[in-house]
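J.: I'd like to ask you about the structure that follows.
The values are calculated or read from the model by the stated rules, or taken from the named source; none is laboratory data. Quick caveat, the model's predicted, so the values are computed rather than measured. FYI the Cβ positions are ideal-geometry reconstructions off the backbone, even for glycines, and counts take in every protein chain you see.
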Amino acid sequence: MTDQHWPAALAEARLHVVSGKGGTGKTTLAAALALALAAGGRRTLLVEVEGRQGIAQVFDTPPLPYAEQRIAVAPDGGEVRGLSVDAEAALLEYLEMFYNLGLAGRSLRRMGAIEFATTLAPGLRDVLLTGKVKECVGRTVGDGRGGRGRVPLYDAVVLDAPPTGRVVKFLDVTKAMGTLARTGPIRTQSEGVVELLHSSRTAVHLVTQLEDLPVQETLDTVSEITEAGLPMGAVLVNRVRPSRLPATALAGAATGAGLGAGLRSGLEAAGLFLKDEEVDGLVSETVEHAERVQVEKAVRSGLDAAGLPQLELPELTEGVDLGGIYELAELLREQGVR
Ligand SMILES: Nc1ncnc2c1ncn2[C@@H]1O[C@H](COP(=O)(O)OP(=O)(O)O)[C@@H](O)[C@H]1O
Ligand SMILES: [Mg+2]
């Protein structure tokens with residue numbers, strides 16, 4: 001196991017991007033991270049960009065509109081707001097801001113022109129989505145002291161990002177912009193996005209499980225992220241299950257050789273007399289467990305070799321309900337998330 005902690009430098013990050021192979025727990029851990037970062041009376045925003053309503057599901061609230069809404073309260077004060085960004089609404093909002101379209105905007109939407117534009121230029125879609133995220137990161141409010149001072153509305157924004165296969169393309173706004181717009185407000189806005197995403201105010205975290213494919217994808221994505229000049233954050237190792245066998249017994253247990261006889265005599269010594277098929281069942285469970293633990297050990301050393309900060313979250317055997325999110329948030333705090 002390498003250094004398990006949240007690097008102090010991440011305290012600077014205002015935008016936390018959470019990616020990972022599909023199904024490894026991105027939405028779950030993005031939610032837990034937003035909650036952990038809200039501790040101590042802070043305010044965070046959890047954003048999704050794929051219109052899946054995953055945030056609403058995790059926090060057990062009605063579907064989120066295109067508006068920021070309070071979705072959870074941190075134990076010691078502090079709140080998490082949620083936002084589901086959709087490219088069409090972001091484009092309308094955007095046109096409204098720069099061209100004051102009013103009614104025209106609404107009829108554009110009725111005509112399906114906006115859907116048309118965002119489908120025609122997929123790069124535009126990503127630029128609009130990341131643009132909206134940046135706007136949330138940069139938004140300020142009065143400091144409450146009556147003067148002209150302003151403070152950021154959100155202490156941190158957590159983005160439940162597209163999966164590893166697409167995330168670098170999604171974040172590589174420079175590439176998307178290359179052919180899209182050479183001048184004008186969209187260009188200016190996207191330059192701001194590029195600057196934010198390539199600065200220490202952003203951190204890209206990758207969620208993985210201790211299995212071959214997710215870890216391989218994580219390692220590949222780490223190189224892609226680094227090559228694209230994006231700031232790598234931590235690897236969040238999710239669904240870690242305890243090893244119930246002593247290290248010295250592992251290799252032997254994985255072969256299954258002699259396990260049955262050993263188990264039987266051990267159980268009998270304890271006064272338990274099981275049927276053959278019951279002993280067989282225990283043997284195959286043990287073999288399975290030993291094999292899994294061996295695979296985990298191997299992929300873990302591959303992951304350790306990448307030399308990145310790692311945080312671990314356990315498998316919640318009861319599944320993840322709202323209480324589970326609070327539990328995961330607490331475990332993130334214990335590993336230094338600030
Ligand atoms: N630590 C965990 N323990 C148990 N179940 C988990 C854990 N993390 C995620 N899950 C479950 O795994 C499934 C996929 O998680 P989700 O966050 O939706 O993944 P993703 O967003 O990467 O597709 C969900 O059913 C979720 O409840
Ligand atoms: Mg998800």
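J.: Is it fair to say residue 40 is surrounded by 17 or more Cβ atoms within 10 Å (Cβ to Cβ), within 22 Å of residue 331 (Cα to Cα) and not aliphatic (A, V, I, L, M)?
T.: Details: surrounded by 17 or more Cβ atoms within 10 Å (Cβ to Cβ): no; within 22 Å of residue 331 (Cα to Cα): yes; not aliphatic (A, V, I, L, M): yes.
So residue 40 fails the test.
J.: Just give me the residues in the range 1-48 being within 16 Å of ligand 2 (Cβ to nearest atom) and either farther than 22 Å from residue 60 by Cα or part of a strand (DSSP E or B) (or both), in sequence order.
T.: 16, 17, 18, 19, 20, 21, 46, 47, 48 - these are the residues of the range 1-48 that are within 16 Å of ligand 2 (Cβ to nearest atom) and either farther than 22 Å from residue 60 by Cα or part of a strand (DSSP E or B) (or both).
J.: Same structure, new question: When you look at residue 279, is it in contact (Cβ under 8 Å) with a residue 12 or more places away in the chain and within 30 Å of residue 203 (Cα to Cα), yes or no? Let's see the steps before the verdict.
T.: Details: in contact (Cβ under 8 Å) with a residue 12 or more places away in the chain: yes; within 30 Å of residue 203 (Cα to Cα): no.
Against the criterion (in contact (Cβ under 8 Å) with a residue 12 or more places away in the chain and within 30 Å of residue 203 (Cα to Cα)), residue 279 does not qualify.
J.: Let me ask you something else. Can you name the residue in the range 309-330 that is within 16 Å of ligand 2 (Cβ to nearest atom) and among the β-branched types (Val, Ile, Thr) and is also farthest from the chain's Cα centre (by Cα) among such residues?
T.: 320
J.: Could you count how many residues in the range 17-55 are away from ligand 1 (no atom under 12 Å from the Cβ) and of a type in the set (Gly, Ala, Ser)?
T.: 7
J.: Search the range 128-139 for residues that are closer than 12 Å to residue 17 by Cβ and pair each with any residue that is among the charged types (D, E, K, R) when their beta-carbon atoms are under 8 Å apart and the residues are at least 6 apart or on different chains.
T.: Between residues of the range 128-139 that are closer than 12 Å to residue 17 by Cβ and residues that are among the charged types (D, E, K, R), the close pairs are 137/14; 137/201.
J.: Anything in the range 96-129 that is at pLDDT 75 or above and hydrophobic (A, V, I, L, M, F, W, C)? List them, or say none.
T.: Of everything in the range 96-129, those that are at pLDDT 75 or above and hydrophobic (A, V, I, L, M, F, W, C) turn out to be 124, 127, 128, 129.
J.: State whether one or more residues within the range 138-154 are closer than 30 Å to residue 299 by Cβ and in a strand (DSSP E or B).
T.: Pass one, the range 138-154, residues closer than 30 Å to residue 299 by Cβ: none.
Scanning the range 138-154 turns up no residue that is closer than 30 Å to residue 299 by Cβ and in a strand (DSSP E or B).
J.: Same structure, new question: Which ones in the range 155-213 are closer than 20 Å to residue 312 by Cα, outside any loop (DSSP other than H, G, I, E, B) and not hydrophobic (A, V, I, L, M, F, W, C)?
T.: 160, 164, 205, 208, 212
J.: Only one of 8, 89 is more than 16 Å from ligand 1 (Cβ to nearest atom), more than 30 Å from residue 222 (Cβ to Cβ) and not acidic (Asp, Glu); which?
T.: Working: 8 fails: more than 30 Å from residue 222 (Cβ to Cβ).
Step by step, each of 8, 89 is checked, and only 89 is more than 16 Å from ligand 1 (Cβ to nearest atom), more than 30 Å from residue 222 (Cβ to Cβ) and not acidic (Asp, Glu).
J.: Just for the range 133-159: of the residues that are charged (D, E, K, R) and farther than 15 Å from residue 197 by Cβ, which one is surrounded by the most Cβ atoms within 10 Å (Cβ to Cβ)?
T.: Residues of the range 133-159 that are charged (D, E, K, R), as a first pass: 134-135, 139, 143, 145, 148, 150, 155.
Retained after the next criterion (residues that are farther than 15 Å from residue 197 by Cβ): 139, 143, 145, 148, 150, 155.
On the way: 139: 14, 143: 11, 145: 8, 148: 7, 150: 11, 155: 16.
Top of the filtered list is 155.
J.: If you take the residues of the range 277-320 that are at pLDDT below 95 and within 12 Å of ligand 1 (Cβ to nearest atom), which of them is nearest to residue 264 (Cα to Cα)?
T.: By that ranking, first place goes to 317.
J.: Working only within the range 172-200, note down all residues that are touching a residue at least 40 places away in the same chain (Cβ under 8 Å), within 21 Å of the chain's Cα centre (by Cα) and farther than 22 Å from residue 68 by Cα.
T.: Across the range 172-200, the qualifying residues are 172, 173, 200.
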